[in-house]
Amino acid sequence: MACGRFDGFWEFGLNPWDTAAGALLVREAGGVVTDFAGHDYRLGDHELVATNKLIHDEVKAVGAEIAAGRSSVPEAALPPLPVR
């Protein structure tokens, strides 16, 4: 993401070693990293949403729905995020 290949990413069930470097790179590149509730991501959190800021609310909402099992769209049917 920090090199410009993705506009957004979400994941859950994470460990600190899965996210520490990536969260730092996204923030240093001007992106934003939070949990699904929108709180700043902290090392040790088990969920993460990282975006280019422009689409953060949308990516956060989709990720939260899927994590909660409330999504009406199967995860495999979601379109890929656009690359800018």
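Here are a few things to note about the model shown:
- Applying a threshold of 8 Å to beta carbon distances and a minimum spacing of six or more residues, or different chains, the list of pairs starting in the stretch 16-32 at a residue that is at negative phi and ending at one that is in a helix (DSSP H, G or I) and open to solvent by less than 40 Å² (accessible area, probe 1.4 Å) reads 32/26; 32/56.
- Failed condition for residue 30, given (1) modelled with pLDDT under 90; (2) assigned to a loop (DSSP other than H, G, I, E, B); (3) open to solvent by less than 50 Å² (accessible area, probe 1.4 Å): (1)
- Residue list for the stretch 33-78, restricted to those being in contact with a Ser or Thr (Cβ under 7 Å, 6 or more places away or on another chain), modelled with pLDDT of 85 or more and open to solvent by 60 Å² or more (accessible area, probe 1.4 Å): 40
- Considering residues of the stretch 1-27 that are surrounded by 15 or more Cβ atoms within 10 Å (Cβ to Cβ) and of a type in the set (Phe, Trp, Tyr) only, the residue nearest to residue 68 (Cα to Cα): 12
- In the set (1) within 12 Å of residue 63 (Cβ to Cβ); (2) charged (D, E, K, R); (3) part of a loop (DSSP other than H, G, I, E, B), the condition left unmet by residue 42 is number (1).
The values are calculated or read from the model by the stated rules, or taken from the named source; none is laboratory data. These numbers come from a predicted model, not from an experiment. Cβ sites come from the backbone with ideal geometry, for glycine too, and all protein chains shown count toward neighbours. Keep in mind that these areas ignore ligands, DNA and RNA; they rest on the heavy atoms of the full protein, side chains included. Shrake-Rupley method; radii C 1.70, N 1.55, O 1.52, S 1.80 Å.
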